[in-house]
Amino acid sequence: MSTDYRGKAVLVTGGTKGIGLACGLAYARQGAACTLTNRWGSADEDAIREQFRDVGGPEPHIVEADAGSPEDTVDLVHGLRERHDTLDVFVSNVSFAQIVKGMQDYSKRALVRSIEYTVWPTFEYLDRIREAFGRYPRYVIGLSSIGPDAFVANYDFVAGSKALLETLMRYLNYRLRGEGVRVNVVRAALVRTDSLRATMGEDCVPFIERFDPRMFVTPEAVADTVFALTSGLMDGISGQVLTVDNGVAFYDNVMRLFGERDRLEIPPKEKQQ
């Protein structure tokens, strides 16, 4: 097996910031021709191309495309087909949902919109890829989060959509098993990104770092996991949901806070009165 991606094509949606950009750079280091999508005006293309040059990778193809627009998806995939004979890897990293701060924010329309942007684009892209290339990518990776299993502030609709994505990706792996396609989901724990700050506020990161900076994983750690799953070295893993969290999920609880109360300067109850 080899991790040499020279001559291979990779599509990363939401690929111009955060985890998506880190994924693109991970493939570029191995010589892949990367196509990255972004929403209109949300990417500094010159800065992105400079980062790809810095890692010695081919210049990426950056496309403005709305993941919720079938027309944009068709145009994007047709452009891919004009540049490449096959698409080897598809990394689905688009997510959008309303921030929920209370029951007043619950609405059917908001939930459906979240599903339309967070879940359905993966399957819309795969349909169009199959039509254009005559086959699915060998590897399909969906990006998820710890939200389906653990409370995350203001994250109700994102978490619900990610849970649905994870379930359907497992079924997708079953449906495509006869075509040599490997489908997996990578869950990321907390990552210092613009999305995290937009969802939970600017004071979120310093507050959490007070208790344990290891709760945050880097975009690069997530990207390396994605790449490993598509390297050919881990083809026995398929239809799985893998979590990148530095092992924090095991010990992030009240008992851990009790054990570290002196370091965290948490006074006993009698001293608080």
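The values are calculated or read from the model by the stated rules, or taken from the named source; none is laboratory data. Remember, predicted model here, so these are calculated numbers, not experimental data. Note that we place each Cβ from the backbone using ideal geometry, even for glycine, and neighbour counts take in every protein chain shown.
Please count how many residues of the stretch 122-159 are modelled with pLDDT under 95 and not in a strand (DSSP E or B).
Here the count works out to 14.
Select from the stretch 98-129 the residues that are among the β-branched types (V, I, T) and under 29 Å from K8 (Cα atoms) and write down the one among them that is farthest from the chain's Cα centre (by Cα).
I129
Considering only residues that are under 18 Å from the mean Cα position of the chain (by Cα), in a loop (DSSP other than H, G, I, E, B) and not aliphatic (A, V, I, L, M), which ones fall in the stretch 51-97?
D66, G68, D88, N93, S95, F96, listed by residue number.
Name every residue in the stretch 85-140 that is crowded, with 17+ Cβ neighbours inside 10 Å, basic (K, R) and touching a helix residue (DSSP H, G or I) at 6+ places or on another chain (Cβ under 8 Å), in order of residue number.
R128
Only one of these is touching a strand residue (DSSP E or B) at 6+ places or on another chain (Cβ under 6 Å), under 21 Å from E116 (Cα atoms) and surrounded by fewer than 22 Cβ atoms within 10 Å (Cβ to Cβ): V12, V74, V63. Name it.
Result of the check over V12, V74, V63: V63.
Since T3 meets every condition but one in (1) hydroxyl-bearing (S, T, Y); (2) at pLDDT 95 or above; (3) over 19 Å from the mean Cα position of the chain (by Cα), which condition does it not meet?
The failed condition is (2).
Of all residues in the stretch 85-101 being touching a Lys or Arg at 6+ places or on another chain (Cβ under 8 Å) and more than 26 Å from S231 (Cβ to Cβ), which is modelled with the lowest pLDDT?
A97
Being within 19 Å of Y117 (Cα to Cα), modelled with pLDDT of 95 or more and of a type in the set (D, E, K, R) is the filter here, so list the residues in the stretch 30-50 that pass it.
none
Would you pick out the residues in the stretch 171-213 that are under 19 Å from the mean Cα position of the chain (by Cα) and of a type in the set (K, R)?
R182, R187, R192, R197
Can you report the number of residues in the stretch 130-170 which are more than 27 Å from T199 (Cβ to Cβ) and more than 17 Å from the chain's Cα centre (by Cα)?
Total satisfying the criteria: 9.
Could you check the stretch 6-17 and list, in sequence order, the residues that are under 20 Å from G142 (Cβ atoms) and either at pLDDT 95 or above or over 21 Å from the mean Cα position of the chain (by Cα) (or both)?
K8, A9, V10, L11, V12, T13
For Q104, which of the numbered conditions (1) in a helix (DSSP H, G or I); (2) modelled with pLDDT of 95 or more fails to hold?
Condition not satisfied by Q104: (2).
Can you name the number of the only condition in (1) farther than 22 Å from A163 by Cα; (2) touching a strand residue (DSSP E or B) at 6+ places or on another chain (Cβ under 9 Å) that G259 fails?
Unmet for G259, out of (1) farther than 22 Å from A163 by Cα; (2) touching a strand residue (DSSP E or B) at 6+ places or on another chain (Cβ under 9 Å): (2).
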